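Okay, so here's the structure we're looking at.
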Amino acid sequence: MSDFTLYGFDGSTYVRTVRMLFIEKGVPYERVAIDILKGEHLTPEHLRRHPFGKVPALETGGRILYETDAIAEFLEGHFPAPAFFPRNLDDRVDMRQWAAVINNYIYPSMIGKLVWQRIINPFLGRPVDDAVAEQALPEIRHQFELLEKVLSMRPHLVAGPASYVDLLLAPIMAYMAMTEEGQQLLSEFPGVNTWWEKMSRLDSFQRTAPQL
Ligand SMILES: N[C@@H](CCC(=O)N[C@@H](CS)C(=O)NCC(=O)O)C(=O)O
């Protein structure tokens, strides 16, 4: 039996990030599916795991962790090799900054607006609001410009090997690449595209593809 139980659903970008980390670090874990379409994330049982009704939540040693950044830091501390949190202070600060940018700006624009309208609503048979997707494009372009500035200079978001934030962004980019607008942006930003192609070849990425 594994020491870790991960609660979530495969289509979640954040759950995929945690699954990728487990695979990269070679740590076994068990999964418990939380079906948000059935409202399972809002049951009293799940709200005891995650007070905001989101996934992932990770149960380990009688403790429940939530928030992907915190879960990743926990895994990094307990399983330091291979490292996904840079040891060097400047690089670690860069990584924290990217994590905040991805969580506070990139995910809400790319997933919350564009992917929601282009992929998720059609998948669920719900009405699509084109205006929401179109209004998101300038801010998403701005985010691609910011990513390109770094990824045209080096292979990963932070100096050195792939870090936690590459694993945080890759599942988001996977959904972006499923949209016409995302394909267009990837063709315009070669540094981001090269990074994306490299990330999508990772074994941990391929083994965590959601079954849509
Ligand atoms: N800040 C949270 C975000 C997690 C999150 O937004 N998860 C989404 C799935 S990718 C979710 O649970 N959505 C359900 C909902 O918002 O109702 C983290 O870092 O773990």
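Remarks
- Ellipsoid semi-axes in whole angstrom, largest first, where each is sqrt(5λ) of the Cα gyration tensor of the stretch 89-206: 25, 14, 13
- Summary value for the stretch 89-206: 29 percent relative contact order, contacts being C-alpha pairs under 8 angstrom separated by 6+ residues.
- For the stretch 59-97, trypsin sites (Lys or Arg not before Pro) are listed when DSSP marks them as loop and at most 15 other Cβ atoms sit within 10 Å of their Cβ; the list is 87.
- Coarse-grained scattering of the stretch 1-64 at q = 0.15, 0.19, 0.21 Å⁻¹, given as base-10 log I(q)/I(0) from a Debye sum over alpha-carbon atoms: -0.43, -0.68, -0.82
- Gained length - residue 70 relative to residue 36, 0.36 nm times residue gap less alpha-carbon distance: 10.0 nm
- Normalised by 2.2 N^0.38 Å, where N is the number of residues, the C-alpha radius of gyration of the stretch 15-134 stands at 1.23.
- Take every DSSP beta bridge whose two residues both sit in the stretch 4-78; close to 65 percent of them are antiparallel.
- The loop-placed trypsin sites (Lys or Arg not before Pro) in the stretch 108-212, going by DSSP, that have at most 12 neighbouring Cβ atoms within 10 Å of their Cβ come out as 207.
- A cut-off under 12 angstrom between Cβ atoms defines the neighbours of residue 113, and their net charge, with Lys, Arg +1 and Asp, Glu -1, is -4.
- Overall form of the chain per C-alpha gyration tensor (a/c, 1.5; a/b vs b/c): oblate
- Heavy-atom surface of the chain, accessible at 1.4 Å and reported per residue (Å²): 51 Å²
- For the stretch 56-127, with all protein chains in place and a probe radius of 1.4 Å, 55% of the accessible heavy-atom surface sits on carbon or sulfur.
The values are calculated or read from the model by the stated rules, or taken from the named source; none is laboratory data. Not measured: the values here are computed from a predicted model. Glycine gets a Cβ as well: all are built from the backbone with ideal geometry, and neighbour counts include every protein chain shown. Heavy atoms of the whole protein, side chains included, go into the accessibility calculation; ligands, DNA and RNA do not. Shrake-Rupley method; radii C 1.70, N 1.55, O 1.52, S 1.80 Å.
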